[in-house]
Structures are given as structure tokens and as C-alpha cells.
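Peer 1: Structure below; questions to follow.
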Amino acid sequence: MSTATTSTRSAPRRRRRKDDTKLALLFIAPASVGLLVFLVWPLLTGIYYSFTEYTTLTPPEWVGLANYQQMLSDPIFWTSLKVTILYVVINIGVQTVVALVIAVLMQRLTQSTLLRSLVLAPYLVSNVVAAIVFLWILDTQLGIFNIFLQWIGFDPVAFWANETWVIPTVALVNVWRHMGYTALLLFAGLQSIPSHLYEAARTEGAGEITQFRRITLPLLRPILALVLIMTIIGSFQVFDTVSVTTQGGPADASRVLQMYIYQNAFAEYEFGYASALSVALLVILMIVTFAQYWMSRAGQSDLD
């Protein structure tokens, strides 16, 4: 009896598990408040304003679906949407291909930290600074690129004043800035592919192109799908480059949807209609994102 009592007393007491719920809530509270104040509340307010006629001189007046009816019959809206889609296609197509090539070359040839830093360097330049620099470089009269074209015997090109060239020019400027960041994301995805798969493929006599097509692309699909979703959302919201370089010209050839929203809100002070345009952009992005996620099977991996 005494032995059992002694062993019971000597056994270490179990400590009550400390509940960290309150501490966790304390840590996430600042981020939650910021999310509510700077994202959720503006979103709900914008949706409400989209059903009102609201200017700086008059309080919001409920008009129902009038703004959306105006939007559907607005030719400038459809033109800006077409311009935006053209920009997205050029930007995403070129940026994805170039970034993928850079990522594969970094994996195959070198994994130098210095090289990764150099690849990422353009991304550290702000959109406004990049736009100003390329505005000077591609200027018709004084731009160094047009001076070079004349030196080799070509006529200067009005990159910012030509309706055909303006959107490809804006897209390529943003490709230059973002391709390094996209390449590093893809490079991180390449690191998750087991090296023994490439070794087995080389043993079977597969060349680099076959390895890329049969191993790299299928196994990189989830990361590639995520990168495409992120870049497409960002591309639909292009504004800085257009605002600095063309202001939507010439003849609305570069008036993207974000530029049209800005002009309605802060040039014409039609905040109700601008809110309706913003909600339309939100719906378009949601549809594109969910469709792409479903078609690319982004949540599945061929490594499973």
C-alpha cells in the first residue's frame, strides 16, 4: 500500500495544456482590422455606390441598376475592355514564355544567388519609374532606341503615339519589369521536381526538349497555374504605365479598363458609375480566375 502511494506521489503531475487561443487572436487582430478597414469595407461600400448616382456635390441617390444599364450600352466601356484583353494576352503570353525560359536556364546552367538577384532587379523598380524611363528611351524624337533605329537605316517608330504599337509597347514594358519575379516563382516550382526523374529520362535517351515536354511541364503545372492566375489578375488592373505614358491615347487605343474607371471617378466625378465599372471588373476577374483554376487543375499535382 505504501509502495503504491509513494509511486503515485512521485509520478510527475501532468501540466494543464495552455490555451493559446487568446494569444493567437491578439496576434491576428491587427491584420484582421486592416483587412476589414482597407478591403472588406471599401468593397461593400463600392458595391453599394454602384447602385447609386453619386458625385462630390450630391449625396448618394439610389438608382438601382441604372449604372449597369448605362455600362452595357457604353461603347467606351466595351472598347476599354477589348484594349484590356489585348494587353492581357500580349503581356501574359510573352511574360510567361520568357520567364519559363529564364527559370529553366537557371535550373539547368547555374543556381547562382547573384544571377537570381540580377534577374529580380527590374521588379524592384516601381511601375512609375519604369514607365518614365521607357517613355524617354522610346521617344520618337529623342529616344535612344529610335536614334539607334535611324543609325541602322530604319525610320523612327512612334511607339507611344501609334494606335498599333501603343498596347504592345505598354505590355513589353511591364514584361521587362515583372518577368524576373515570375521566373523566380517558376524556378522555385522547378526545385520541387525530383532530379531522379531527369536522370531516368537521360538514361532512356531523352533529350532536353523531350524532358521539358514530358517531365517539366506536367509537374510544373500547379505552380504554373498559380503564377498565371496571379499575373492575369495583375494584368487586368494595369494602370500606372498607361497613366504615365499615354493617358489612354491615342484615340482611346490604350484606354484600359482601370484608366476608364479612374477617369470617371476623379475626372468626371461620377463615383456611382465608376463603382459599377469596378464591380464589373471584379466579376470578370472572379470568372476568369475560377475558370482558369478549374481548367488547369491547379489544386492537383502529377507528383501525387
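The values are calculated or read from the model by the stated rules, or taken from the named source; none is laboratory data. Please read these numbers as outputs of a predicted model, since none were measured by experiment. A quick note on method: Cβ atoms are made from the backbone with ideal geometry, for glycine too, and the neighbour counts reach across all protein chains shown. Ligands, DNA and RNA are excluded from the accessible area calculation, which covers all protein heavy atoms including side chains. Shrake-Rupley method; radii C 1.70, N 1.55, O 1.52, S 1.80 Å.
Peer 1: Could you tell me the center-to-center distance, by alpha carbons, between segment 36-75 and segment 143-219 in angstrom?
Peer 2: Value for the Cα centre distance between the two parts: 40 Å.
Peer 1: OK, next. With the full set of protein chains in place, find how many percent of the accessible area of the chain is carbon and sulfur; take the probe as 1.4 Å.
Peer 2: Taking all protein chains in place, the chain shows 67 percent carbon and sulfur surface.
Peer 1: I would also like to ask the following. Can you tell me how much longer the chain between Thr56 and Leu124 gets when fully stretched, taken as 0.36 nm per residue apart minus their C-alpha distance, in nm with one decimal?
Peer 2: Difference between extended and current length: 20.8 nm.
Peer 1: Got the relative contact order for the chain handy, in percent, Cα pairs under 8 Å and 6 or more residues apart?
Peer 2: Answer for the chain is 27 percent.
Peer 1: From the helices alone, meaning DSSP H stretches of at least four residues, give me the mean residue ellipticity at 222 nm for the chain, per-run term -39500 (n - 2.57), in deg cm²/dmol to the nearest 500.
Peer 2: -21000 deg cm²/dmol
Peer 1: Which three extents, in whole angstrom, do the alpha-carbon atoms of the chain cover along their principal axes, largest first?
Peer 2: Principal axes ranked by extent give 101, 67, 34 Å for the Cα atoms.
Peer 1: Find the accessible area per residue for the chain; the probe is 1.4 Å, ligands and nucleic acids are left out, and the unit is Å².
Peer 2: On a per-residue basis, 62 Å².
Peer 1: Which chymotrypsin sites (Phe, Trp or Tyr not before Pro) from segment 143-210 combine a DSSP loop assignment with at most 10 other Cβ atoms within 10 Å?
Peer 2: Phe154
Peer 1: Stick to the Cα atoms of segment 216-294, pair each with every other, and give me the Kirkwood hydrodynamic radius in Å at one decimal.
Peer 2: After inverting the mean inverse Cα-Cα distance, the result is 14.1 Å.
Peer 1: Which whole-number percent is the relative contact order of segment 10-144 (Cα, under 8 Å, 6+ apart)?
Peer 2: Averaging sequence separation for qualifying contacts and normalising by length gives 7 percent for segment 10-144.
Peer 1: Say a site is exposed when it is one of the trypsin sites (Lys or Arg not before Pro), sits in a DSSP loop, and has at most 10 other Cβ atoms within 10 Å; what is then the longest site-free stretch of the chain?
Peer 2: For trypsin sites (Lys or Arg not before Pro) (loop position, at most 10 other Cβ atoms within 10 Å), the longest site-free span of the chain is 19-304.
Peer 1: Can you list the residues, at least 5 places off or on another chain, whose amide H is less than 5 Å from the amide H of Thr52, using H built in the peptide plane?
Peer 2: Val63
Peer 1: Pulled fully out, how much extra length does the chain show between Leu25 and Phe290, if you take 0.36 nm times their separation in residues and subtract their Cα-Cα distance?
Peer 2: The Leu25-Phe290 span can extend by a further 92.3 nm.
Peer 1: On to the next question. Projected onto the charge dipole of the chain (+1 at Lys/Arg Cβ, -1 at Asp/Glu Cβ, origin at the Cα centre), which of Ala274, Leu135, Val119 gives the Cα projection farthest towards the positive end?
Peer 2: Val119
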